[in-house]
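Just passing along the structure, written as structure tokens.
The values are calculated or read from the model by the stated rules, or taken from the named source; none is laboratory data. Since this is a predicted model, take the numbers as computed values, not measurements. Cβ coordinates were reconstructed from backbone atoms using ideal geometry, including for glycine residues, and neighbour counts include every protein chain displayed.
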Amino acid sequence: MLKSRRLRAALWSHRRLLAFGLFAIMLANGFALLQPYLLGRGIDAVTHGDPSRLPLIVLAMVVAAACDAASRFGQRQTINRVSRLIENEFRRDLFRQLERLDQRFFQGIRTGDLMARATNDLSAIQQLLGMGLGNVTNTIVVFVAAVVLMLLIDWQLTVLSVSLLVLLSFGFVFLGPQIHRRFLAVQEEFAALASKAQENFSGIRVVKAYVQEDAECRAFAAINQGYVEANVAWARVNSALWPLFGLLAGLSAVVLLYVGGQHVVQHRITIGQFVQFNAYLILLSWPMIALGWVANLFQQGAASLNRVEEILRQAPAIASPRHPLQPAAVSGALTFEDVTFAYEGEPVFEHLSLRVPAGSTLAVVGATGSGKTTLVRLLARVWDPKAGRILLDGQDLRDLPLDFLRRQIGYVPQEAFLFSETLAENVTLGAPDAAAEAVDRAVRLSQLGADLEQFPQGLQTLVGERGVTLSGGQKQRTAIARALVRDPAILVLDDALSSVDVKTEEAIQEGLRAFRKGRTSIVIAHRVSTIKDADHIVVLDGGRIVEQGRHAELLAQGGRYAALSQRQHLQRELEEDDPSAPSRGETP
Amino acid sequence: MSPRGGGMRAALAADEITGRAYDARLMRRLWTWVRPHQALLWSGLGLLLLSSLADLAGPSFTQHAIDDYIRPGRLSGYGWLAALWALVLVLNFAARYAQGYVMNVLGQRVMFDLRNAIFGHLQRMALRFFDHTPVGMLVTRMTNDVDALNQLLTSGLVSLIGDLFSLVVIAGFLLLVNWQLALVVFLVMPIVAGVTVVMRAQMRETYRAIRTRIGRLNGFLQEMVSGMLTIQLFNREARALADFDRLNQDLLQANLRSVRLYAVFMPLMSFVGSCTFALILWIGGGRVVQRAVSLGTLVLFLQLSDRLYQPIRDLAEKYNILQAAMAASERIFGILDEPAQDVDLEPALSLPAVRGGIEFDHVWFAYESEDWVLKDVSFRIAPGEKVAVVGATGAGKTSLISLLTRFYEAQRGAVRVDGLDVRRLARDSLRRRVGVILQDPFIFTGSVAQNIQLGTAMPRSRVEEAARAVNADRFIRRLPEGYDQELHERGSELSTGQKQLLAFARALAFDPAILMVLDEATANVDVETEQVIQASLLTLMEGRTSIVIAHRLSTIRHVDRILVLHKGRLVEEGTHAELMLRRGVYARLYELQYRVESPAISA
């Protein structure tokens, strides 16, 4: 745990608070240990029939208790505070790190896993710090001080009773891992139960359509049974923990009573000291339990810290160069130079070269998995090529500041991601300071305007669970507006109109025609009608450019593009001529 | 990204606890669930009372030791006293352990019953209910709310009784031993109770704030993680971080407030305890000197005074649990009280061997009140006939499936299968004969074979035969484990096309007489797969009465008749050629659909 440099640095940065807390612990224990002493003297005064000192002793007890309370306040306000502060700082670091990490990282980790680290693991670290920092120091201080005081009174009694008390620390050490392991099993069963319920409710139409209600109830009951069994297995160990503490503390009191009583009778200690001794034991029992508890938390906390640090340690594969170029303006000429790229193993591209002159429109077509999306994502440095270069106005993308590069690109993905904010905030996501006219224009061009009229608060309508649920087409239009409002030098439409109906698509295309003037555009599309006006068309197949040129040129080449276009044409004729003609499903 | 939006989200998402901590009506209802396991409850309570009494042993033995052995200096039989105490301790340990275990088992059994009941009840709910209720909320009812009730049983209610009992036992015992000193101890009780109540109220507020803020922060984080690429591509990092910081700071402030409250409360309580202690020593000490009270009694009071306050502090804490549990049980019983609508009329008719004739007779239907989706729709489909239903989005096509399977019921008119009103048929006999292929091919966690046969026992040969017939066999055999391949949630390892084929195989395996297909052109399916899907669909329709909600033209070519729905009304009916000639809605739709359907480029 303390091997973590990050944690050490965090602790060091709060050293004042921690030092103050340490001081408060010492002080508090000093006053706390005064109580049994005063009690003992009070009892002795009473047994000696000398009550005159009693008021003074009682007053001293109250004063000591007040000082103890004040110090404990100081201890909690420093040490426990530090644990919350460090948790807060770690959480911030984690978020900032997530913002810097690239897609390779996000694809390698499940969202649930990531969330667990940001929540459960962070709070395990916080708990350990909150419990650990205070309790470990406290236990050490109070144990050493109390045992010394007890030894001064009666060493035999001390050895006998304290040795039983020490066993308290082992309660958690022995049972803790067992309890924790069984608890994890409970959580696993819980997750299974929740996902079974979730799946059933989501798929209820299928369940009902196939009359599977009873079978589902049986399946659920089996999982439910597993959850119950895991819980009971946990209870079998967990129920023993606190009763065990009671037993051990009680037995050490029995030893004290038996041996201590004899020592009083033998006049080795006074009866006041006997009572005082008893009070020490009571004072010691909680810190001893807590010590074992902390030792147990330690393992879990260390594992959690490790999981959090795993993320914090990651070096982002995509980042601004150390000494970036500072280009002034961008014309938008793009060049792929001998680019090779692979996600893992099999390359998506090998030695791909392509030029997109500034201000021109490039269309990319190809089957699913031919690498279209990868191609445009390389442009925004979502990924970097394995070999070769991609140039913007003659500069390697990797030499440009990352934020500068991305600011030049208006990217509309196939699946638009909208945040649970207002539509306005979603549209101005990449241009928070955009003027109202710019927003208006983007909304108009993307044909989002018509949708806005249906919404209660127009652009101020909330999106998501607490607001309106948008259709696929509406999401895409919002994403288009989002890209346009950035006024980008390069516009990328990655199959961005797939959920938009034909009429709206035409309107959007029409609007974009003017917008595209003076900008470089890259359009990925399935429909031939969308792309035939492009300056340059590229047909991708298995990561290779198999054909390229203008629509007319490609048709003239008589290659794949022409064949596809031809096939579409034929099909149209067939279907228009003869209703009983074989369907596309049967033409080879 | 403004925390304002997030705030609304979290405030609504968090199940606010504001209700009463005790509701007799709910408790009576809860009792009906506990009653079958009441033997466990009584034995648990018995053990609890036993150990409350045993807890008095320590101070009592100490009192005796001091007064009868130590002060007089007579130690004969002293060893027996110690041994007896040790024995009580061991028995008390056993009682406490057994009590904790028994109560846990009780809680688990009750929860088991409750969860099964909720799940079973939800299976009988109509789809209308699921339309209105988010899945996440139902899962929460099954899990968190049921667990809150468990808390109530195992730690809330029982230890509440235990606390009350120890309070009474200790107070009574103190009065019995020495009533004057006991009154001194009781003097402090109102202070302890007062401080506790005030602090607990404050803490409750703080806890609520913390929970709300954690929810808000995590909601934000989750969304950011999912949308991180968008954040990065749109250079939104700094603003997102600023928003995150605000939420993070809000949480920190709430956490620090709880730290501060504890920093005041815990020391304050121990200070009050120490003062009581000092007070007893002062007054009791004086009485000892006057020989009105024995020294052992004084020590007994010193030991027990603190224990008297423990139940009071705990009682305040139990209030939270009670309140949460009451709110949870309100929600759970709320669900159980929803009338189950997907049930049969009594007596329900069982469909004999179905020939497959379908009739819609002046059917009016709305999902919501008067928002008619179907308006006075009438048509007949002969057994074995294949019919396509076309229409623009929102024309009411899908609701035909809903009505024929009795997922929903028509407000007016009747839907008949072989002349029998579907409302009078037993659901299972109807649904076993009407196969439905939905737009979203839902895949369950489990093996490929299980996804085809579902919970129904079926020979493997029939499963494989069905898969072969719809061309699913080929891809299934390529999976490492073939038909036994375990599929993850929603079949994430399968492509859309493969999932579609699996759903076809499922439909075929159940061999329905009537088939209803929602034939939505699936996005992102390459042409080859598309062709396979097409061919499989035709196999599936072979020899059955089929209604295809068609989006693909190619499907329409293979039907006997086309029904055209427009704004909820049946406007045209006939073959493709007839309808094209008419130059009506269908002809226009055809024009539009065809353009959408121009094939994807593929190499």
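Going by what's in this entry, would B:THR62 be described as in a helix (DSSP H, G or I), in contact with a Leu (Cβ under 9 Å, 6 or more places away or on another chain), at pLDDT 90 or above and more than 30 Å from B:ASN248 (Cβ to Cβ)?
Spelling it out, B:THR62 is indeed in a helix (DSSP H, G or I), in contact with a Leu (Cβ under 9 Å, 6 or more places away or on another chain), at pLDDT 90 or above and more than 30 Å from B:ASN248 (Cβ to Cβ).
For the range B:66-112, which positions are within 21 Å of A:LEU251 (Cα to Cα), within 7 Å of another protein chain (Cβ to nearest Cβ) and assigned to a loop (DSSP other than H, G, I, E, B)?
B:LEU75
A follow-up question, please. Free of Cβ contacts under 8 Å to residues at least 60 places away in the same chain, surrounded by 21 or more Cβ atoms within 10 Å (Cβ to Cβ), facing chain A (nearest Cβ under 7 Å) and within 33 Å of the chain's Cα centre (by Cα): does that describe B:MET224?
The answer is no for B:MET224.
Which of the residues belonging to the range A:76-99 are facing chain B (nearest Cβ under 7 Å) and of a type in the set (A, V, I, L, M, F, W, C)?
A:PHE95, A:LEU98
While we're looking at this one, here's another question. So, A:LEU554, is that one modelled with pLDDT of 85 or more, within 12 Å of chain B (Cβ to nearest Cβ), buried (at least 18 other Cβ atoms within 10 Å of the Cβ) and in a helix (DSSP H, G or I) or not?
Yes; evaluated as a whole, the condition is true for this residue.
Could I ask something else about it? Go through the range A:111-125 residue by residue and tally those that are farther than 16 Å from B:ASN248 by Cβ and at the interface with chain B (Cβ under 10 Å from one of its Cβ atoms).
Residues in the range A:111-125 being farther than 16 Å from B:ASN248 by Cβ and at the interface with chain B (Cβ under 10 Å from one of its Cβ atoms): 3 in total.
I'm checking my understanding of the structure. Among residues of the range B:343-367 that are acidic (Asp, Glu) and modelled with pLDDT of 80 or more, which one is surrounded by the most Cβ atoms within 10 Å (Cβ to Cβ)?
B:GLU359
Taking the options B:ARG239, B:ARG246, B:ARG260, name whichever one is basic (Lys, Arg), facing chain A (nearest Cβ under 7 Å), assigned to a helix (DSSP H, G or I) and touching a residue at least 60 places away in the same chain (Cβ under 8 Å).
Going through B:ARG239, B:ARG246, B:ARG260 in turn, just one is basic (Lys, Arg), facing chain A (nearest Cβ under 7 Å), assigned to a helix (DSSP H, G or I) and touching a residue at least 60 places away in the same chain (Cβ under 8 Å): B:ARG239.
How about the range A:519-542: which of its residues are at pLDDT below 90 and small (Gly, Ala, Ser)?
Of everything in the range A:519-542, those that are at pLDDT below 90 and small (Gly, Ala, Ser) turn out to be A:ALA525, A:SER529, A:GLY542.
Take the residues in the range A:160-185 that are within 13 Å of chain B (Cβ to nearest Cβ), among the aliphatic types (A, V, I, L, M) and more than 19 Å from A:GLN299 (Cα to Cα); name whichever of them is surrounded by the fewest Cβ atoms within 10 Å (Cβ to Cβ).
A:LEU160
Here is a further query. Would the range A:456-468 turn up any residue that is surrounded by 19 or more Cβ atoms within 10 Å (Cβ to Cβ), more than 11 Å from every other protein chain (Cβ to nearest Cβ) and at negative phi?
Checking the range A:456-468: at least one residue is surrounded by 19 or more Cβ atoms within 10 Å (Cβ to Cβ), more than 11 Å from every other protein chain (Cβ to nearest Cβ) and at negative phi.
Which one of these does A:PRO287 not meet: (1) surrounded by fewer than 20 Cβ atoms within 10 Å (Cβ to Cβ); (2) more than 10 Å from chain B (Cβ to nearest Cβ); (3) more than 33 Å from the chain's Cα centre (by Cα); (4) part of a helix (DSSP H, G or I)?
All conditions are met except number (1).
Okay, moving on. Kindly establish whether B:PHE234 is within 7 Å of chain A (Cβ to nearest Cβ), without any contact (Cβ under 8 Å) to a residue 12 or more places away in the chain and among the hydrophobic types (A, V, I, L, M, F, W, C).
yes
What tally of residues in the range A:48-77 results from selecting those that are surrounded by fewer than 19 Cβ atoms within 10 Å (Cβ to Cβ) and either in contact (Cβ under 8 Å) with a residue 60 or more places away in the chain or farther than 30 Å from A:MET131 by Cα (or both)?
Summing the residues that are surrounded by fewer than 19 Cβ atoms within 10 Å (Cβ to Cβ) and either in contact (Cβ under 8 Å) with a residue 60 or more places away in the chain or farther than 30 Å from A:MET131 by Cα (or both) in the range A:48-77 gives 10.
Show the residue pairs that are 6+ apart or on different chains and have beta-carbon atoms under 6 Å apart, the first residue being within the range B:313-330 and modelled with pLDDT of 80 or more, the second being acidic (Asp, Glu).
These pairs meet every condition: B:MET326/B:ASP23; B:ALA328/B:ASP145.
Do any residues in the range B:528-549 that are within 9 Å of another protein chain (Cβ to nearest Cβ) and under 17 Å from B:PHE510 (Cα atoms) have Cβ atoms under 9 Å from those of residues that are buried (at least 21 other Cβ atoms within 10 Å of the Cβ) and at pLDDT 85 or above, where the two are at least six apart or on different chains, and which pairs are they?
B:LEU537/B:VAL470; B:LEU537/B:PHE504; B:LEU537/B:VAL548
Hey, among B:LEU174, B:LEU167, B:LEU160, B:LEU181, which residue is in contact (Cβ under 8 Å) with a residue 60 or more places away in the chain and within 24 Å of B:SER329 (Cβ to Cβ)?
Among B:LEU174, B:LEU167, B:LEU160, B:LEU181, only B:LEU160 is in contact (Cβ under 8 Å) with a residue 60 or more places away in the chain and within 24 Å of B:SER329 (Cβ to Cβ).
Tell me, which residue of the range A:304-323 that is surrounded by 16 or more Cβ atoms within 10 Å (Cβ to Cβ) and assigned to a loop (DSSP other than H, G, I, E, B) is farthest from the chain's Cα centre (by Cα)?
A:SER320
Additional query: Name the single residue, out of those in the range A:351-383 being more than 14 Å from chain B (Cβ to nearest Cβ) and either surrounded by fewer than 17 Cβ atoms within 10 Å (Cβ to Cβ) or without any contact (Cβ under 8 Å) to a residue 40 or more places away in the chain (or both), that is nearest to A:GLY543 (Cα to Cα).
A:HIS351
Is it fair to say B:GLY284 is at the interface with chain A (Cβ under 10 Å from one of its Cβ atoms), touching a residue at least 12 places away in the same chain (Cβ under 8 Å) and farther than 30 Å from B:ARG200 by Cα?
The answer is yes for B:GLY284.
Shifting gears a bit: Filtering the range A:239-262 down to residues that are in contact (Cβ under 8 Å) with a residue 60 or more places away in the chain and of a type outside the set (A, V, I, L, M, F, W, C), which residue is farthest from the other protein chains (Cβ to nearest Cβ)?
Per the stated criteria, the residue is A:SER252.
Can you spot a residue in the range B:27-34 that is out of contact with any strand residue (DSSP E or B) (no Cβ under 7 Å at 6 or more places or on another chain), surrounded by 21 or more Cβ atoms within 10 Å (Cβ to Cβ), at pLDDT below 90 and under 21 Å from B:VAL158 (Cβ atoms)?
So far as the range B:27-34 goes, yes, one or more of its residues are out of contact with any strand residue (DSSP E or B) (no Cβ under 7 Å at 6 or more places or on another chain), surrounded by 21 or more Cβ atoms within 10 Å (Cβ to Cβ), at pLDDT below 90 and under 21 Å from B:VAL158 (Cβ atoms).
Each row is one residue, and each column tells you yes or no for (1) in contact (Cβ under 8 Å) with a residue 60 or more places away in the chain; (2) under 30 Å from B:TYR590 (Cβ atoms).
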{"position": "A:PHE455", "(1), (2)": "no, no"}
{"position": "A:GLY458", "(1), (2)": "no, no"}
{"position": "A:VAL468", "(1), (2)": "no, no"}
{"position": "A:SER471", "(1), (2)": "no, yes"}
{"position": "A:GLN474", "(1), (2)": "no, yes"}
{"position": "A:THR478", "(1), (2)": "yes, no"}
{"position": "A:VAL485", "(1), (2)": "no, no"}
{"position": "A:LEU491", "(1), (2)": "yes, no"}
{"position": "A:LYS503", "(1), (2)": "no, yes"}
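Report those helices (runs of 4 or more DSSP H) wholly inside the range B:426-509 carrying at least 1 residues which are of a type in the set (D, E, K, R).
In the range B:426-509, the matching helices (runs of 4 or more DSSP H) lie at B:427-431, B:460-469, B:473-478, B:496-509.
Right, another one. B:THR140 passes all but one of (1) hydroxyl-bearing (Ser, Thr, Tyr); (2) crowded, with 17+ Cβ neighbours inside 10 Å; (3) over 24 Å from A:ALA215 (Cα atoms); which number fails?
(3)
Go through (1) surrounded by fewer than 17 Cβ atoms within 10 Å (Cβ to Cβ); (2) in contact with a helix residue (DSSP H, G or I) (Cβ under 9 Å, 6 or more places away or on another chain) for A:ALA435 and report which single condition fails.
(2)
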